[in-house]
Each structure stands twice: as structure tokens, then as C-alpha cells.
Amino acid sequence: MIVLDTLAARLATEMADLAARPYPHAVVIPGDRGDRLVVHLQEFPDGHGDTTLFFVNIALCPVAWAAWIDGITLAQARGLPPDAAAQLLWDRLDPPTFGPCWQLTRGDLDQVLHTLLSALRVELSHHWLPLLSRDNLRQRLRSGGQLPGAGISGKNAQIAQLLCVVEDMPATDRTQLLAFFRKRQADGDVELGVLADWLDSAFPASD
């Protein structure tokens, strides 16, 4: 809906200090080497008349995670639109009033912008912006520290730690890692086999 595009554009302007960029129904804050924090304004279908109901979703989308999840290259992942980027972490920002949906009419755009911007800045600064640093994200994952939303654990947390650094690994280290994954694949670890296939395609031996 056009009014959500307008709201996203206004939010991006107000968050210019974070290098925020507007997209249809979304605002993107860039991180390390193409990683991004996406604030998505998701329209709820039960709006009526001039009233738009919407959710505010926040997602952390590291490039390598998106590339691995979608089975594409890092360059392709950097070109994904915000609503298509595979998120590592996700949560929803609820409005201060009762109910999960924010409400907007053209007449109260300024008031909604002010309320949402205030709540968003607090949420981002406390929980999300520090994780735009790959080093900080990896340390948080490694230590089992608190993460936004449902967090991430188990093998996915271990893979996420790797993907925070895989782009900067020397080729020889990636080659050794790939050989280890292939051995685990031969022993029946299907998921590490999928990761090995992606490493093969994302980082050709000639790189």
C-alpha cells in the first residue's frame, strides 16, 4: 500500500544517521560487506477504509547466511530485495497500544511516524545494531549470549558462526574446511554436505 511506502521513506529519512535506505514497505540499514538489517512493514489484510493495519518485522540478514540458505553466490545474495533476503534472526516490534498490529491513516501519519521511530530506535540500539558487526555477531553466537527473537541454537548457530568469517578466510583454510565437511558428508551428515556443496559453488577453487 502506498501509505506504507510513504512511512518507510519517512523512517529512512529520520534514520539517515544509520545510512538507512527506503524500499517498498521496508527500510534497510547496511552492515558489514552487504549484511543488512531489514525493517519490514507488513500489511495486515483486515484494514478498512482509510485505515491500514500493519506489522513491524525486524530481521538480521547476513550475506553469507542468505547465500547459503538460498543456494546462491554472495554477489547474488547482495542483490536480493529486502523481502527476499533469508534472515538469520527475526522478531516483531509490537505497538504500545493493545494488539499486535500498528494502525495508520493518512491523517495520523506524523503521529505514527513519531511513535514508531521512537520505539524502533530503542529496539534497534538495544538489540540489533550491535549485531551488524560480524565480529560481534559471531562472539554472541559463540558465547550463547542473548539474541533477539527466538534466537538460534544447535548446528545452525555453529554454521552461522562459520558464515560470519567464511568470506575472509584464506583459500587454504576453506579448502581444509571443505575436505572436513566432505568427510562428514561421507559419514552421513547431510546438512554439512549441503554446506560443502554451497562452499564449492560460492568459492571456486580458482578464487
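Yes or no: D108 within 19 Å of V3 (Cβ to Cβ), part of a helix (DSSP H, G or I) and of a type in the set (D, E)?
When the stated conditions are applied, D108 passes them.
A quick yes/no check of all residues on (1) in a helix (DSSP H, G or I); (2) open to solvent by less than 60 Å² (accessible area, probe 1.4 Å); (3) of a type in the set (K, R); (4) touching a residue at least 60 places away in the same chain (Cβ under 8 Å):
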site	(1), (2), (3), (4)
F54	no, yes, no, no
W65	yes, yes, no, yes
I69	yes, no, no, no
A75	yes, no, no, no
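Could you check L137 against (1) of a type in the set (A, V, I, L, M, F, W, C); (2) in contact with a strand residue (DSSP E or B) (Cβ under 7 Å, 6 or more places away or on another chain); (3) closer than 18 Å to V38 by Cβ; (4) assigned to a helix (DSSP H, G or I) and say which number it fails?
Unmet condition: (2).
Assuming T97 fulfils every condition listed in (1) open to solvent by 20 Å² or more (accessible area, probe 1.4 Å); (2) in a strand (DSSP E or B); (3) among the polar types (S, T, N, Q) apart from one, which condition is it?
Only one criterion is unmet by T97, namely (2).
Tell me, please, whether a residue that is touching a His at 6+ places or on another chain (Cβ under 9 Å) and of a type in the set (A, V, I, L, M) can be found in segment 65-73.
For segment 65-73, residues touching a His at 6+ places or on another chain (Cβ under 9 Å) and of a type in the set (A, V, I, L, M): absent.
G47 - would you say it is assigned to a helix (DSSP H, G or I), modelled with pLDDT under 95 and either open to solvent by less than 10 Å² (accessible area, probe 1.4 Å) or of a type outside the set (S, T, N, Q) (or both)?
no
Among the residues of segment 79-107, which ones are in contact (Cβ under 8 Å) with a residue 12 or more places away in the chain and among the aromatic types (F, W, Y)?
Passing the criteria: W90, W102.
Step by step: first the residues of segment 35-44, then only those that are charged (D, E, K, R) and part of a strand (DSSP E or B), then the one that is farthest from L137 (Cα to Cα). Which residue is that?
Of everything passing the filter in segment 35-44, E43 is farthest from L137 (Cα to Cα).
The conditions are (1) in contact (Cβ under 8 Å) with a residue 40 or more places away in the chain; (2) on the phi > 0 side of the Ramachandran plot, and A160 fails exactly one of them. Which is it?
(2)
Which residue pairs have Cβ atoms closer than 9 Å, lie 6 or more positions apart in sequence or on different chains, and pair a first residue in segment 108-127 that is under 24 Å from D50 (Cα atoms) and open to solvent by less than 70 Å² (accessible area, probe 1.4 Å) with a second residue that is basic (K, R) and part of a helix (DSSP H, G or I)?
Filtered contacts from segment 108-127: L109/R10; L113/R10; L117/R10.
Where residues in segment 1-39 are out of contact with any Leu (no Cβ under 8 Å at 6 or more places or on another chain) and small (G, A, S), which of them is surrounded by the most Cβ atoms within 10 Å (Cβ to Cβ)?
A12
Looking at (1) of a type in the set (V, I, T); (2) open to solvent by 40 Å² or more (accessible area, probe 1.4 Å); (3) under 22 Å from S133 (Cα atoms), which is the one condition that is false for I159?
(2)
Could you name every one of the helices (runs of 4 or more DSSP H) located completely within segment 153-204 that has at least 3 residues being over 24 Å from the mean Cα position of the chain (by Cα) and under 19 Å from R142 (Cβ atoms)?
Hits in segment 153-204: 171-186.
The values are calculated or read from the model by the stated rules, or taken from the named source; none is laboratory data. Since the model is a prediction, treat every value here as computed from it, not as a measurement. FYI the Cβ positions are ideal-geometry reconstructions off the backbone, even for glycines, and counts take in every protein chain you see. Heads up: the accessible areas ignore ligands, DNA and RNA and are worked out on the full protein's heavy atoms, side chains in. Shrake-Rupley method; radii C 1.70, N 1.55, O 1.52, S 1.80 Å.
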